[in-house]
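Every number here is computed from the coordinates shown, using simple stated rules; none is lab data. As the structure is a computational prediction, the values presented were derived from the model and not from experiment. As a convention, Cβ positions derive from the backbone with ideal geometry for all residues, glycine included, and neighbour counts pool all protein chains shown.
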């Protein structure tokens, strides 16, 4: 058996749980699941122990890391689908036992090697398919050396005004909001 994580997963990490229709057996008692109407929706149900599979959107955090001296933002190139090879803000799922802010800081460090301090929250939005709810933060780097983490091909800084479009429409929307904010600030400093 190979020690390479990439070989063990055939080059892809399955980070999302399976849709309800694919659940065949109860995770608690191992009996077969059936479909049952709960709260007006069909859900997977175990008649043996009463388990109901409540399919919910996944919470996540993403961070626009802004280096103010160089006027640059930190982006990662995705290693895995969806949009493998595309640029995004560092981010990912919130783990059990951590706050949204803790997840944001952890994800940046895991994906880029950079430790950040959160400045403020941009907002929380659902992805277009409503499968994930992402809280976006703005932060600045405080330590670390840039390097791509296990789920990133590359990590690098780009000037905020020249960074290319991002792979996910929601990330791109946050980038546009940031650019509008920066332009407003720059207009306010002009003589």
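Going by neighbour counts of Cβ atoms within 10 Å, the residues 159, 140 line up, fewest first, as 159, 140.
What ranking of 125, 54 emerges when the number of other C-beta atoms within 10 Å of each C-beta is taken as an exposure proxy, fewest first? Mind dumping the intermediate values first?
Details: 125 14, 54 11.
The most exposed by this proxy come first: 54, 125.
Computed from Cα positions, the angle between helix 100-112 and the longest principal axis of the chain comes to roughly 70 degrees.
Can you sort 135, 69, 127 by how many other beta carbons sit within 10 Å, fewest first?
Details: 135 20, 69 6, 127 16.
If I rank by nearby Cβ atoms, fewest first, I get 69, 127, 135.
Over all projection directions, the Cα-based convex hull of the chain averages an area of 14.2 nm². Angle, helix 169-188 long axis vs. longest principal axis of the chain, Cα atoms, 0 to 90°, nearest 10? That helix lies at roughly 20 degrees to the long axis.
Highest GNM mean-square fluctuation, the chain, Cα pairs closer than 10 Å: which of 137, 158, 45? Judging by the Gaussian network model, the answer is 45.
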